[in-house]
Amino acid sequence: MPLPYHAGKSRLAKPITKILLDLYKENPNINEYAEPFCGMLRVGLELMKQDYSNDRVKKFYFSDVNKNVIALFKGFKRGWLPKPEPITQEQWVKYKKTNRASAQKSFYGFSLGFSGQFMTGSKPNKLHNTVKYMKTRRELFRKILPLFKRKKTHVELKNVNDLDFKNTIIYCDPPYFNSAWRSRAGGWNKEKENEFWNTVYNWLEPTKNNIVLVSNGEIPEQLENLNVNTIFKKSMVSPGNWRESGKAKHRNEYLFKISRK
């Protein structure tokens, strides 16, 4: 997605998508895709692009509890494109004061917030708050609109624990275990994490014929009913200006394939 988004998967979208495509080849009876923590759709969008010509995936299902993310994608479903106009300080303050979500507000909020975080900062990011930036993003959105307007692309505001699937590859990128600082509302905790793993266990009921993949920054603690198999690992430089003994600080990114014990 051509918008900044904190803790997105922009640098990992291609290798993760390759893994997804290989799994579809190996499992011909699985023909749907779901992303319950869709965020800014770095992985899902890459998969939709690569699937566009061969139509291997019969349904794309994207959901999140972030209403501002979902408002943006529902706008795309309607054929909406953002106004290529910089925002005034008065408009910025007005948006920050209201809880109402809209596609245009989401566009401004993620484009002009600090480090891809929605509507952060007392003023909009002046480097992005230009006609040139807005027009460039609008044209990038225009190119991906056909992917969203297809009948097989579905977008919903849903909690992960309210979802169920069959014959689906389910890719999850939840707040990172033990370091869920990216969840600014503070809603992700140990209880929510346990609920998530219970949901994963239910998705893996054999008759449902699902595959569950989970991204995270560390290997989860031993799970009572589930096996965690690391299928991808990459060391990456942490964002920002983190330094440790004069050297760039690195972090690991994992992709796990989950199965029942």
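Restricting to the range 184-193, name every residue that is in a helix (DSSP H, G or I) and either surrounded by 12 or more Cβ atoms within 10 Å (Cβ to Cβ) or among the small types (Gly, Ala, Ser) (or both). Steps first, answer last, please.
The first filter runs over the range 184-193 and keeps only residues in a helix (DSSP H, G or I), leaving 190-193.
Correct list: Lys192, Glu193.
Restricting attention to the range 74-94, and to residues there that are buried (at least 18 other Cβ atoms within 10 Å of the Cβ) and more than 16 Å from Arg138 (Cβ to Cβ), which single residue is nearest to the chain's Cα centre (by Cα)?
Lys74
Quick check on the range 195-246: of everything there that is in a strand (DSSP E or B) and at pLDDT below 90, which residue is most open to solvent (accessible area, probe 1.4 Å)?
Initially, the range 195-246 is screened for residues in a strand (DSSP E or B), giving 211-216, 226-237, 243-244.
From what's left, at pLDDT below 90: 234-237, 243-244.
On the way: Lys234: 88, Ser235: 69, Met236: 13, Val237: 61, Arg243: 149, Glu244: 112 Å².
My answer is Arg243.
Restricting to the range 118-155, give me the number of residues that are under 20 Å from Thr88 (Cα atoms) and either open to solvent by 40 Å² or more (accessible area, probe 1.4 Å) or not polar (S, T, N, Q) (or both).
Qualifying residue count for the region: 19.
I'd like the residue in the range 95-110 that is in contact with a helix residue (DSSP H, G or I) (Cβ under 7 Å, 6 or more places away or on another chain) and assigned to a helix (DSSP H, G or I) and, out of all such residues, is most open to solvent (accessible area, probe 1.4 Å). Don't jump to the end; show me each part of the working.
Of all residues in the range 95-110, those in contact with a helix residue (DSSP H, G or I) (Cβ under 7 Å, 6 or more places away or on another chain) come to 95, 101-103, 105-110.
Filter once more, so that each one left must be assigned to a helix (DSSP H, G or I): 95, 103, 105-110.
Values: Tyr95: 58, Ala103: 8, Lys105: 7, Ser106: 0, Phe107: 1, Tyr108: 13, Gly109: 0, Phe110: 4 Å².
By that ranking, first place goes to Tyr95.
Considering only the range 41-63, how many residues are under 19 Å from Phe165 (Cα atoms), surrounded by fewer than 20 Cβ atoms within 10 Å (Cβ to Cβ) and either of a type in the set (Val, Ile, Thr) or in contact with a helix residue (DSSP H, G or I) (Cβ under 7 Å, 6 or more places away or on another chain) (or both)?
Selection size over the range 41-63: 1.
The values are calculated or read from the model by the stated rules, or taken from the named source; none is laboratory data. Please read all numbers here as calculations on a predicted model, not as lab measurements. In this analysis, Cβ positions are derived from the backbone assuming ideal geometry, glycine residues included, and neighbour counts consider all displayed protein chains. Only protein heavy atoms, including side chains, enter the accessible area calculation; ligands, DNA and RNA are left aside. Shrake-Rupley method; radii C 1.70, N 1.55, O 1.52, S 1.80 Å.
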